Amino acid sequence: MTTVHVAASDPGVQFLAPNQIVPLLIGATVDEVERELVLQTLARCDGNRTRASRVLGLSVRTLRNKIRLYAASGIEVPACQD
């Protein structure tokens, strides 16, 4: 059985098998799944947009545009923690 690996530096990250992940996704739109992935990645990267964009495989500009849309919709976006 294959596992899904979460790209993060946290050694305590759990790995979930596909049969554990799919039920969490059923009923969600692609936009909702993408938004959650972006927000969770930002949180794990302590709000560092450059690092999060690398993990997600997006340009910083694309990530910034997504964040701007989320914020305009009233969604709380993790801020950079210095």
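The values are calculated or read from the model by the stated rules, or taken from the named source; none is laboratory data. Source: prediction; values computed, not measured. Please note: Cβ atoms are built from the backbone with ideal geometry, for glycine as well, and neighbour counts cover all protein chains shown.
If the Cβ limit is 6 Å and pairs must be 6+ apart or interchain, which residue in segment 40-61 that is outside any helix (DSSP H, G or I) pairs with which residue that is modelled with pLDDT of 95 or more and not hydrophobic (A, V, I, L, M, F, W, C)?
Cys45/Arg51
Any residue that is among the basic types (Lys, Arg) and surrounded by 12 or more Cβ atoms within 10 Å (Cβ to Cβ) - is there at least one of those in segment 39-50?
Checking segment 39-50: at least one residue is among the basic types (Lys, Arg) and surrounded by 12 or more Cβ atoms within 10 Å (Cβ to Cβ).
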